1. Two decimals is fine: what's Rg over Rh for the range A:364-445, C-alpha atoms, Kirkwood radius as Rh?
2. List for the range B:128-155: residues with 20 Å² or greater reduction in accessible area, all protein chains versus chain alone, probe 1.4 Å?
3. Only bridges with both residues in chain A count here: give the DSSP antiparallel percent, nearest 5.
4. Do any residues of the range B:242-289 show a loss of at least 30 square angstrom of accessible area between the isolated chain and the full protein assembly, using a 1.4 Å probe, and if so which?
5. Give the long-range amide H neighbours of residue A:128: residues separated by 5 or more places, or on another chain, with amide H under 5 Å away, using H modelled in the peptide plane at 1.01 Å from N.
6. Write down the radius of gyration of chain B and its Dmax, each obtained from C-alpha positions, in Å.
7. Could you work out [θ]222 nm for chain A from helices alone, using -39500 (n - 2.57) per DSSP H run of at least four and dividing by all its residues? Round to the nearest 500 deg cm²/dmol.
8. Could you give the angle, 0 to 90 degrees to the nearest 10, between helix A:431-442's Cα long axis and the longest principal axis of the Cα atoms of chain A?
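The values are calculated or read from the model by the stated rules, or taken from the named source; none is laboratory data. Because the structure is predicted, anything quoted here is derived from the model rather than measured. Cβ: placed from backbone, ideal geometry, glycine included. Neighbour counts: every protein chain shown. All accessible areas refer to the heavy atoms of the entire protein, side chains included, with ligands and DNA or RNA removed. Shrake-Rupley method; radii C 1.70, N 1.55, O 1.52, S 1.80 Å.
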Amino acid sequence: MNRKFLATLLLSVAAMTGQAFAHDLRIALQSDADVLDPDQSRTFVGRIVYTSLCDKLVDITPGLKIIPQLATEWSWGDDGKTLTMKLREGVTFHDGEPFNAKAVAYNINRSKTLPESRRKSELASVDSTEVVGDYEIRFHLKQPDATLMAQLADRAGMMIAPQAAEKEGADFGANPVCSGPFKFKERVAQDRIVLTKYDNYWNADKFHFDSVTFLPIPDTTVRLANLRSGDIDMLERLAATDLAAAKADPNLKVEAATSLGYQGITINTGNGEHSKTPLGEDKRLRQALSLSIDRDALNQVVFEGAFQAGNQSISPSSPWYDNSNPVPARDVEKAKALLKEAGYDRLEIEMSVPNNPVQTQVVQVLQAMAAEANIDIKIVSKEFAKLLSDDSSGDFMASQIGWSGRVDPDGNIHAFVTCKAGLNDSGYCNPEVDKLLNAARATSDDEARKKDYDAANAILLDELPIIYLYHEKWIWAMNKKLEGFTAYPDGMIRLENVTYAD
Amino acid sequence: MLSYILRRLAIAIPTLILVSMFIFTLQKILPGDPALALAGEERDAAALEFIREKYKLNDPIYEQYLAWAGGALKGDLGISLRTNQPVTELIGQKLPVTIQLAVMAIIIAFIIGIPMGVLSAVKKGTVFDYIANIVALSGLSIPNFWLGIMLILLVSVNLGWLPASGYVSPFIDPLRSLETMIMPAFVLGTALAATLMRHTRSAMLGVLRADYVRTARSKGLGETVVVIKHAFRNALLPIVTMTALLFGELLAGAVLTEQIFTIPGFGKLIVDAVFTRDYAVVQGVVLCTAVGYLLINLVADIVYFLLNPRMRSVL
């Protein structure tokens with residue numbers, strides 16, 4: 001063999017092993033993030049990037065308990081109308097600016113007042129902040145708000161560098177400066193977002209990669225192909241139908257967690273003229289539709305059993321789930337009887353669905369099941385933006401749509417079923433439900449809250465403005481050498497303690 | 001010649017204005033509220049109102065168009081509703097990527113399509129002709145996305161020869177750039193090659209029957225000289241026109257190919273923009289495409305003019 005060739009070969013082998021030590025973690029996302037400004041951002045994948053880029057005041061455990069991040073301890077006072085937080089000392093933003101109570105006050109104010117901010121409603125209960133000491137901040141609330149901690153565990157609680165934010169204004173997202181374990185390096189829209197390790201991070205020892213690259217790869221098959229060919233180390237949202245293939249690959253492993261969200265059928269019960277239909281006006285018909293559905297079979301047929309059947313806004317694996325109302329079994333006879341009682345031999349309904357293959361398949365399975373209970377579903381396929389605007393303006397009878405879910409149970413229900421709430425596409429209104437859900441917001445006593453939610457649930461399950469179907473699972477597939485990854489129900493990728501075994 | 005080019009450019013201006021008005025109106029007729037598509041899941045009422053105000057979605061459509069057209073004349077195509085980036089900057093980032101893909105695809109299409117077309121015309125009725133036709137027909141009928149995914153599975157996953165997707169600029173790493181682009185260019189190129197082969201074949205057949213070719217043969221010229229120098233040169237004319245027309249097909253194909261191979265180009269830009277109702281981006285991309293299409297056709301006409309001496313007397 002040519003000596004020069006051998007030398008080149010050895011050199012390239014050495015270069016490759018060298019690369020293995022200084023590892024760049026490559027993660028494929030289902031879509032591209034939007035603006036990288038926590039106050040302006042709205043996409044799920046954006047939050048995945050923030051998990052490495054921007055620290056929050058508090059974080060969650062996989063069991064949804066609130067734990068310290070930038071705030072080390074906190075206490076409620078004044079009947080739930082003040083929240084005092086002690087802050088972590090010695091933390092700096094990526095540009096070196098120190099993190100302190102003033103920075104928190106600046107951030108909360110920016111979230112509440114920046115014209116472009118999408119965090120306003122999340123922090124609506126906060127009246128003002130008070131800098132008590134360098135590392136102590138107090139929130140003064142307009143009324144008690146049990147959901148505030150959960151909001152501070154997400155984008156509303158993300159801390160960005162005040163000086164950089166002041167200088168860049170609404171353009172902050174082009175070069176975000178936060179205090180997370182990785183700092184922003186570069187972004188090419190629709191191609192990649194690159195973060196590099198922040199050496200002065202307060203918890204830097206727990207993070208083991210020199211850089212993280214996020215690559216938006218929308219096609220699920222292509223995402224998996226990239227993982228199998230070794231071009232990426234990890235992907236989020238593996239298609240349920242690819243689960244078996246990924247599990248069978250000896251070089252891959254899979255982690256999953258039931259999501260906080262749900263998929264269901266929203267029924268127009270009071271949103272404009274289109275609500276005046278038999279289905280919208282007679283709860284017995286909605287009950288019949290719900291009873292005609294075999295939720296486990298739906299999960300088996302469309303998702304190969306990978307997801308979780310459900311009947312409430314939160315999944316059966318949540319501590320807030322109402323166990324006294326478990327997922328009902330299918331009962332075609334009872335459904336037919338209810339239909340008869342309401343005066344119908346057969347009922348025809350229209351159901352809108354986003355025009356993607358998976359949701360279309362879901363509705364087709366529903367169509368087949370409902371037909372056996374004498375309910376004929378006419379499927380109306382709509383492009384997603386059109387579906388959204390029709391749902392919001394009330395131009396639908398029934399609509400198959402879901403919600404990505406929130407840490408606090410309030411986030412999955414209050415805005416959807418209280419009278420005139422922002423996301424109440426159903427147009428449902430029941431003062432009793434409003435009373436219960438408002439009360440659950442106002443106390444931080446978990447036991448009292450659970451009672452209120454259970455009581456509201458009982459009413460909602462009887463009146464069915466939304467028929468819940470199933471809860472998706474977040475499925476991550478990754479290279480077998482990746483160790484220490486923990487699956488969280490919020491779908492985020494936390495890189496703490498994640499290592500690459502060589 | 002110069003006056004010809006200037007005249008052509010003058011005709012292009014009303015065309016562009018019409019195209020931009022057409023697209024602008026068409027977009028506004030599209031169902032779906034851009035503010036809702038942009039506000040995110042929470043649909044915060046304040047955020048919705050802010051978006052409508054900021055992007056002037058409440059103004060009458062002609063005012064919106066005039067504001068946009070005024071900016072466009074000054075080289076300002078507006079700001080992406082989704083990422084807050086100026087549209088011109090986005091186009092500047094994405095256009096070179098798609099041009100690289102298109103050029104590579106055209107080269108591949110030429111390398112495959114033209115020789116195959118010439119050969120199957122020369123060897124008309126032989127086994128080679130039949131095989132070439134079958135290959136071309138398959139090239140036309142196999143969908144881009146299927147061929148793309150099959151190639152990824154074979155070349156990247158099973159053989160591990162090329163990266164499955166992604167993009168690297170040739171100015172950063174030429175070799176890596178070639179590696180990432182060769183598969184998508186091949187997928188895009190083969191579809192064009194089939195069309196090109198069919199057209200080359202029929203153009204060649206027409207020319208090969210012409211009197212001057214018979215004369216050339218009777219002069220005792222070798223078959224290769226006859227085919228290459230006499231027949232092919234004249235058959236090139238319709239091929240040039242065809243290639244210019246293929247540009248449109250190329251862009252349409254690039255939309256799909258870029259989706260499959262996750263190439264951050266023009267096609268991906270417009271698809272994402274349409275789905276998120278990012279009006280400014282759709283508008284800018286369409287305008288840019290129309291300009292490109294007109295330019296390519298102009299270039300084709302000039303090339304045609306250079307290749308065909310008879311055209312010169314027309315001007």
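1. Value, to two decimals: 1.06.
2. Relative to the lone chain, where solvent access is computed with a 1.4 Å probe, the range B:128-155 loses at least 20 Å² at B:149, B:152, B:153.
3. Beta bridges within chain A, antiparallel portion: roughly 75 percent.
4. B:262, B:264, B:268, B:275, B:277
5. Those lying under 5 Å, H to H, from residue A:128 are A:140.
6. When restricted to the Cα atoms of chain B, Rg and Dmax are 23.6, 84 Å.
7. -9500 deg cm²/dmol
8. Result, in degrees: 20.
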